[in-house]
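Below: one structure, written as structure tokens.
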Amino acid sequence: MDNFRFHVRTDIRFGKGQIESLAQILKPFGTRVLLVYGGGSIKKNGLYDKITDLLQSFDITELSGVEPNPKITSVREGARLCKEKQIQVVLAVGGGSTIDAAKVIAGGAFYDGDPWDLVTMPDKIGRVLPIVTVLTLAATGSEMNGNAVITNPETNEKLGTNSHDFIPVASICDPTYLFTLPVKQTTAGTADIMSHIFEQYFQKEPSAFIQDRFAEGLLKTCIKYCPIALKEPENYDARANLMWASTMALNGLTGCGKAGAWTVHPIEHELSAYYDITHGVGLAIITPQWMRYILNEETVDKFCEYAVNVWGIPEEIERFALANAGIDATEKFFKDCKIPMTLKELSIDDSKFEQMAEKAVRFGGLQEAYVPLEKEDVMKILKMCL
């Protein structure tokens, strides 16, 4: 197992009614708050009114309209508002896109240049405003990690950045806020959770036994509870388990001690950079094809472990048949969740595959992945997704 640092400072307030503690959480950081949110769903479900009522004694500046693939233009406006209004704390209410934007805004508040620099050159991240989140979607785990992914439409780039200071100081996670989610957001969110786990599970470090058992438990949680949440949107236990799985999947728990670049995320980032598709849908499409492409004599045992421990497939069958059965089960699960499983279903052809593959390798460090990939490999995987 590799050396690692595991320091998660987030104060998690999980469960029904935890929003009542919001003012208490914010008060130590100041009263000038930048409220960041997306397209207005928090106004429809009453959460916006609840928050503004709780924060009547605070000076609130709003940044609304953060996009599903958050754009640098929104981040720039948020950083400008922070400077103009002398904001003391950033409050993100929404899913991963809103929280990711809030993180780079919080860093941009103290940066004199273009906030895009904080994405392309994370070493420029200095002082960061405290970030508090109210989570409304189980997907990215952004409520308890230092990651952020931002899109620049001008350059067709969707890039990740990271800072320990981007980790929220507190996050309110109330599963009842997931009750009104559209089916697509529930399924795409679950695919995102599972992909985060896959990226850490399929790595070269063979001795991280406990991390892999954590990962398998989280995957089985998604497999069990996503179908229940689809059938019973207001099933509290289903929503609670998915929400907590999302947080645990990317807070360092399953990835510490396991170095290595991710693969599917950098490839998908190019798809959503060029075509602005739903991130989780892109991940679901790519994942089974990537698995099939990298299945070989060196990786087959790990895929067999996955098939047996996650899907419960009997291990008596031949190794490659067992590994493929696990991959087939993964694809079937996504299909059963009504996720489109080909790029053609999203009206995407192969016209930009070469540019996307080149950028995925350049920005994603795919030479250091579980199975190293070059541009030609990525193009082949994308063609398998058509």
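The values are calculated or read from the model by the stated rules, or taken from the named source; none is laboratory data. Nothing here was measured: the structure is a model prediction, and the numbers come from that model. Methodologically, a virtual Cβ is constructed for each residue, glycine included, from the backbone with ideal geometry; neighbour enumeration extends over all protein chains shown.
Quick notes on this structure:
- Residue count for the stretch 123-148, restricted to those that are more than 25 Å from residue 25 (Cβ to Cβ) and within 15 Å of the chain's Cα centre (by Cα): 0
- Applying the condition of being part of a helix (DSSP H, G or I) and touching a helix residue (DSSP H, G or I) at 6+ places or on another chain (Cβ under 6 Å) to the stretch 364-381 and asking which residue is farthest from residue 292 (Cα to Cα) yields 364.
- So residue 192, is it surrounded by 21 or more Cβ atoms within 10 Å (Cβ to Cβ) and over 29 Å from residue 130 (Cβ atoms): no
- Output for the stretch 162-193, where each listed residue is within 15 Å of residue 98 (Cβ to Cβ) and without any contact (Cβ under 8 Å) to a residue 24 or more places away in the chain: none
- Where a residue in the stretch 3-14 is not assigned by TED's automatic domain parsing to the domain that holds residue 256 and its partner, wherever it lies, is of a type in the set (Asp, Glu) and modelled with pLDDT under 95, with Cβ under 9 Å and at least six apart: none
- Verdict on residue 223 being of a type in the set (A, V, I, L, M), in a helix (DSSP H, G or I), surrounded by fewer than 22 Cβ atoms within 10 Å (Cβ to Cβ) and at pLDDT below 95: no
- Search result, residues across the stretch 22-56 that are touching a helix residue (DSSP H, G or I) at 6+ places or on another chain (Cβ under 8 Å), small (Gly, Ala, Ser) and closer than 19 Å to residue 130 by Cα: 23
- Among residues of the stretch 290-322, those that are farther than 24 Å from residue 376 by Cα and buried (at least 16 other Cβ atoms within 10 Å of the Cβ), counted: 11
- When residues of the stretch 149-179 are limited to those that are part of a helix (DSSP H, G or I) and of a type outside the set (Ser, Thr, Tyr), the one farthest from residue 27 (Cα to Cα): 178
- Looking only at the stretch 1-15, and only at residues there that are surrounded by fewer than 17 Cβ atoms within 10 Å (Cβ to Cβ), modelled with pLDDT of 95 or more and not aromatic (Phe, Trp, Tyr), the one that is farthest from residue 80 (Cα to Cα): 15
- When restricted to residues that are β-branched (Val, Ile, Thr) and modelled with pLDDT of 95 or more, the stretch 150-182 contains 6.
- Candidates in the stretch 66-114 are the residues that are assigned to a helix (DSSP H, G or I) and hydroxyl-bearing (Ser, Thr, Tyr); of these, the one that is farthest from the chain's Cα centre (by Cα) is 73.
- Complete set of residues in the stretch 16-60 that are part of a loop (DSSP other than H, G, I, E, B), modelled with pLDDT of 90 or more and either of a type in the set (A, V, I, L, M) or surrounded by fewer than 14 Cβ atoms within 10 Å (Cβ to Cβ) (or both): 16, 17, 46, 55, 56, 57
- Residues satisfying the stated conditions in the stretch 352-383, i.e. charged (D, E, K, R), in contact (Cβ under 8 Å) with a residue 24 or more places away in the chain and under 23 Å from residue 205 (Cα atoms): 368, 377
- Some residue of the stretch 251-260 being more than 20 Å from residue 327 (Cα to Cα), surrounded by fewer than 24 Cβ atoms within 10 Å (Cβ to Cβ), in contact with a Leu (Cβ under 7 Å, 6 or more places away or on another chain) and in contact (Cβ under 8 Å) with a residue 24 or more places away in the chain: no
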